[in-house]
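Below: the structure, in structure tokens.
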Amino acid sequence: LNICARRGIYLWNVKKEGKYQISANISVRGFKMVRPVAKKSRCRVILKKRRGLPFYVFRHRKRKAFALGAVVFVLLLFVMTRFIWVVDISGNVEVETSRIEKVLQEAGLKAGVPSMGVDVWHIQNTVMTRLDKISGIGINIKGTTAYVEVRERISKPEIFPKDLPCDIVASRSGVIESIDAVSGQRLVSIGDVVSGGQLLISGAIDSKAGEGVRYVHAEGEVMATTWHEITVEIPYREEIRTRTGKSKSKHMLKFFNFYVNFFINDRISYENYDRISYVKRLSIGKNLVLPFSFHYDNYYEVEVTWRQRDINEALELAGQEAFEHVKGIQIKNSKRELIGEKLKVTYECLENIALKKAVIREDAKDNGKDIRGGDN
């Protein structure tokens, strides 16, 4: 063993099998080098087993059909690795994956296309043109997998152009708590009750110099006490699903775009069941994914029962659901009211109700109609 180590002959899985015997694994190259070592150390080497592809091929060298099949398999494997079989999309949140897949297919990127024929620039340009919410896209082809990483545009609130005159109106009804008019003419005071759409700060200012009405871009913040009424169902009962132990499986083999079913009857006789599905793709490493996949569908029969919740627990869950509607708004007070099987929650809030709206000029007429702008 010491001589083998000095001569770079690698042995592994070395085991002692007797007082003067050991067993070990050795490579073909190492086996050729070990004979002089055994002779020098007066040891005898016995070959117990041969393992590996070269020995397997040698044993079947006279089987022509096997050799032909192996050659065909290698050729098919080589050809299939020249195509794209998986399109992996990541980075999208608002844009649906199915919508991106459809545009990619129309642009020429889909399962089954030759990887060398993919025009990345054309695909990127097509996606950017057809999907307004996509700000950038990167396509990286590794093996038989095309990795598509998209970047979505960050939704920015529409800003009313500073060079256009506008009014500030109330976005909802409430009681004015404070008003800070940076520009424009205040039309309400603290303590006033206003309704949705009412003019709060006007962008039309009367000129004291007798020059008529001057229009400005109104700016300001109007804090008001508002009320939000939210009505939700009270979840008095909780569903409990218990598996009975009965199950049924449906397996399929996908070959390119064809499915081979390994079941005869696809009918599920269970009234209530849980379905668990997963797909196992055949691949060589991470990126060389082949156009073969196994699809597993497992159905587990469940017994559905209902648990009566405690009234306090049910009200707590209903209150959490109602709170989601006013999340992000400063809440001053809240009031709960039971209405049959529902919970009505009234939130007293403090919020900015200023909403910009295009000012209507007295001289802005077009064929007898006023020219009005949009809200922001």
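The set of residues from segment 198-250 being in a loop (DSSP other than H, G, I, E, B), in contact with a strand residue (DSSP E or B) (Cβ under 6 Å, 6 or more places away or on another chain), touching a residue at least 24 places away in the same chain (Cβ under 8 Å) and farther than 21 Å from L355 by Cα comprises just one member, I234.
Could you tell me how many of the residues in segment 34-65 are open to solvent by 90 Å² or more (accessible area, probe 1.4 Å) and either closer than 15 Å to Y10 by Cβ or in contact (Cβ under 8 Å) with a residue 24 or more places away in the chain (or both)?
The first filter runs over segment 34-65 and keeps only residues open to solvent by 90 Å² or more (accessible area, probe 1.4 Å), leaving 35, 39-40, 42, 44, 46, 48-51, 53-54, 56, 58-59, 61-64.
After this cut, where a residue has to be either closer than 15 Å to Y10 by Cβ or in contact (Cβ under 8 Å) with a residue 24 or more places away in the chain (or both) as well, the list is 40, 48, 54.
Of the residues in that region, 3 qualify.
Taking every residue in segment 90-116 that is among the small types (G, A, S) and pairing it with any residue that is open to solvent by less than 30 Å² (accessible area, probe 1.4 Å), at least 6 positions away or on another chain, the pairs with Cβ-Cβ distances below 6 Å are G91/V150; A107/I123; A107/T126; S115/I84.
Scanning segment 267-297 for residues that are assigned to a loop (DSSP other than H, G, I, E, B), more than 29 Å from Y147 (Cβ to Cβ) and open to solvent by less than 90 Å² (accessible area, probe 1.4 Å) returns I268, S269, Y270, N272. All told, F292 falls short of being closer than 20 Å to G143 by Cα and either touching a residue at least 40 places away in the same chain (Cβ under 8 Å) or of a type in the set (D, E, K, R) (or both). Among the numbered conditions (1) open to solvent by less than 100 Å² (accessible area, probe 1.4 Å); (2) touching an Asp or Glu at 6+ places or on another chain (Cβ under 7 Å), the only one that Q330 does not meet is (1). Taking segment 183-241 as the range and being among the acidic types (D, E) and under 37 Å from the mean Cα position of the chain (by Cα) as the test, the residues that pass are E229, E233, E238, E239.
Of the residues making up segment 117-136, those that are within 18 Å of the chain's Cα centre (by Cα) and basic (K, R) number 1. Please verify whether L109 is at pLDDT below 90 and not basic (K, R), treating the condition exactly as stated. So L109 fails the test.
In segment 10-33, of all residues being assigned to a loop (DSSP other than H, G, I, E, B) and within 19 Å of P54 (Cβ to Cβ), the one that is most open to solvent (accessible area, probe 1.4 Å) corresponds to Y10. Would you check if S183 is open to solvent by less than 50 Å² (accessible area, probe 1.4 Å) and touching a His at 6+ places or on another chain (Cβ under 9 Å)? The answer is yes for S183.
What are the residues in segment 105-118 that are of a type outside the set (G, A, S), part of a helix (DSSP H, G or I) and within 17 Å of K142 (Cα to Cα), if any? Within segment 105-118, just M116 meets the criteria.
The values are calculated or read from the model by the stated rules, or taken from the named source; none is laboratory data. Because the structure is a prediction, the values reported are computed rather than measured. All Cβ positions, even for glycine, are placed from backbone atoms using ideal geometry, and neighbour counts span all protein chains on display. These accessible areas exclude ligands, DNA and RNA; they are computed on the full protein's heavy atoms, side chains included. Shrake-Rupley method; radii C 1.70, N 1.55, O 1.52, S 1.80 Å.
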